[in-house]
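Read-outs: derived from the displayed coordinates by stated rules, not from any lab. The structure displayed is predicted, hence computed values, not measured ones. Every residue, glycine among them, receives a Cβ derived from its backbone with ideal geometry; neighbour counts consider all protein chains shown.
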Amino acid sequence: MTTETITAVLLIVVPIAFNVAFFELGRAFDYPNILRKEPDEILRRFHHGGSGLILRWEALLISALLMLPLAALLAVVLAAGPALSVLSVVVGATAAIVQGLGLVRWPFAVPELA
C-alpha cells in the first residue's frame, strides 16, 4: 500500500470516526450541551453512563489523536516546499495534541471525580 493510499484512506476514515464518536457522545451524554449544566449533575450523569460512556470518550480521543499522523502524511504526500511542510506538520500536530489533551481528562480523570 502506498503512502498516498494510506493518506487517502485516513482522510476518509478519521473524520468519519471522529464524527461518529461525537454523535454517540451527544446521543448518550448530551455532549456538548451537558457542559452548561451544574458540575454535580454532569458528574452524576457521567457516573451513570458507566463503561459504555467511557468507551465513547476513548473513541473520540483516539480519533482525535489519529489526526497527528495524518498531518505528517499530508505533508509528505503533497510534497510542498520544506517551510510549508514543516509549518503544516507543526500546526497539524499541535492541533491534534491540544484536542487530545482536552479529551483525555474525560476517560481518565473524570471517573475518579464521579
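Just round it to a whole percent: the fraction of Cα-Cα distances in region 5-51 exceeding 12 Å.
Counting pairs separated by more than 12 Å, the tail of P(r) holds 68 percent.
With everything on Cα atoms, drop me the angle between helix 3-29 and the longest principal axis of the chain, reported from 0 to 90° to the nearest 10. Relative to the chain, helix 3-29 is tipped by roughly 10 degrees. Our summary of shape: the Cα atoms of the chain have principal axis extents of 51, 26, 21 Å, ordered from largest down, in whole angstrom. Overall, region 1-92 carries a charge dipole of about 120 debye about its Cα centre when +1 sits on the Cβ of Lys and Arg and -1 on the Cβ of Asp and Glu, all other atoms neutral.
Restricting region 1-103 to trypsin sites (Lys or Arg not before Pro) that sit in a DSSP loop and have at most 16 other Cβ atoms within 10 Å of their own Cβ leaves Lys37. Applying 1/(1 + (r/R0)^6) with r as the Cβ-Cβ distance of Val9 and Val91 and R0 = 22 angstrom yields a FRET efficiency of 0.50. Taking the charge dipole of the chain about its Cα centre, with +1 at Lys and Arg Cβ atoms and -1 at Asp and Glu Cβ atoms, the residue from Leu65, Val13, Ala28 reaching farthest to the positive side is Ala28.
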